[in-house]
Amino acid sequence: MSRLPKEPVKLVPVPSTNKIPERDIGQSPILECRHLGIDFGGLAAVKDFNMAIGRTEIAGLIGPNGAGKTTVFNLLTKVYQPTRGSILIDGQETSRMNTVQVNRAGIARTFQNIRLFDKLSVEDNVKIGLHNQIRYPMWDGILRLPSYWKKEKLAHESAMELLSIFGMEDLAGHQAGSLPYGAQRRLEIVRALATNPSLLLLDEPAAGMNPSETADLMENIVKIRDTFHIAILLIEHDMNLVMGICEGICVLNFGQIIAKGTPDEIKNNPVVIEAYLGKGNKGNKGNKKGGK
Ligand SMILES: Nc1ncnc2c1ncn2[C@@H]1O[C@H](COP(=O)(O)OP(=O)(O)OP(=O)(O)O)[C@@H](O)[C@H]1O
Ligand SMILES: [Mg+2]
């Protein structure tokens, strides 16, 4: 199985005092968060969150339940508007953007609790993601003009190609809601990829998967990065996965970053061990208390 990093990854500083892999240093980070924060009532769910992600980096966001990880994804995708700070996608300030605009600017995500169109086919779920790329003028569709069928053929071919990443072509006609849990998680990734992102956010992609599915997923996340030349930021409690494929890791606790670094630095950081990993638990599950 291919694994990153093959060589120890060197993280190097970028101007905002964040760090990205050395190979991405020639280009600006695909994502930068500066002093990002959000309050819910009196509670600061995320505080002074600073992070940069290199253009081909696989990065991890970890921490205990309730630390604020999913909230960070909701801020990045504008499900929530930040109370403080800024988010730059490929250097572009996003303060005026909504969820759709952020997706067009290059961020796609999956959800901790799967969100598919259960009653639609697997292929149609992917085609919804492709909507950003392939436009059907109204009259082409109503009148079923040749240009409509040409685009429909293109959408079908693109959907099948994307499904082939996970070997799911044979499932194209199945109802999404009828798929086993692991396959639904994989379909969510395919649908997100169909929007042609530069940065893919995965919220607990291995949740509910068995060890062999998780091992395949790890391989496929690396394959996706290598095939599409994109960055991936993942939230995960499975430390084998995080330590196996992430290059830069950011640890959140009570809404605040308590550590950043390479897998080796994070595994051996006493503050992270105390707050999350626990002693003798550096390569397995993080301290996830119960599922969601
Ligand atoms: N819309 C909201 N309104 C009020 N509080 C919220 C809201 N969304 C999140 N929170 C709170 O923010 C905190 C962080 O929640 P979040 O879901 O981001 O945690 P998490 O790190 O993703 O945890 P887990 O590992 O369990 O998924 C929690 O205390 C949560 O209750
Ligand atoms: Mg979460």
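Quick notes
- Spin-label zone in region 193-222 - amide nitrogen under 16 Å from a point set 7 Å from the Cα of L120 along the C-beta vector: 193-196
- For the chain, a Gaussian network of Cα nodes joined below 10 Å ranks S212, S164, S86 by mean-square fluctuation, and the top entry is S212.
- Among L234, L162, L199: highest mean-square fluctuation, GNM of the chain, C-alpha pairs under 10 Å: L162
- Accessible surface ranking for R55, R144, 1.4 angstrom probe, highest first: R144, R55.
- Available extension along the chain between M160 and Q112 is 14.8 nm, counting 0.36 nm per residue and deducting the alpha carbon span.
- For R191, the accessible surface of its heavy atoms amounts to roughly 40 Å² (probe 1.4 Å, protein chains only, rounded to the nearest 10).
- Cross-link pairs beyond the 18 Å C-alpha cut-off, checked among K10/K223; K19/K260; K127/K153; K10/K260; K47/K69: K10/K223
- Counting every alpha-carbon pair across region 15-136, the share separated by more than 21 Å comes to 47%.
- Projected over all directions and averaged, the alpha-carbon convex hull of the chain occupies 16.2 nm².
- Each peptide in 73-79, 97-103 gets a packing score, the mean of other Cβ atoms within 10 Å over its residues, and the list from highest to lowest is 73-79, 97-103.
- Debye equation applied to the C-alpha atoms of region 88-229, log10 I(q)/I(0) at 0.13, 0.19 Å⁻¹: -0.61, -1.18
- Label positions at N65 and D48, each projected 7 Å from the Cα along the C-beta direction, are separated by 2.9 nm.
- Rh by Kirkwood over Cα pairs, then Stokes-Einstein D for region 165-245 at 1.567 mPa s and 4 °C, µm²/s: 99 µm²/s
- For region 97-112 versus region 40-57, the inter-centroid distance based on Cα atoms is 16 Å.
- Straightening the chain between Y181 and S147 buys 8.6 nm, computed as 0.36 nm per residue apart minus the Cα-Cα spacing.
The values are calculated or read from the model by the stated rules, or taken from the named source; none is laboratory data. If you're wondering where the values come from, they're calculated on a predicted model, not measured in any experiment. No Cβ is skipped: glycine too gets one built from the backbone with ideal geometry, and neighbour counts run over all protein chains shown. To get the accessible areas, we keep the full protein, side chains included, count just its heavy atoms, and leave off ligands, DNA and RNA. Shrake-Rupley method; radii C 1.70, N 1.55, O 1.52, S 1.80 Å.
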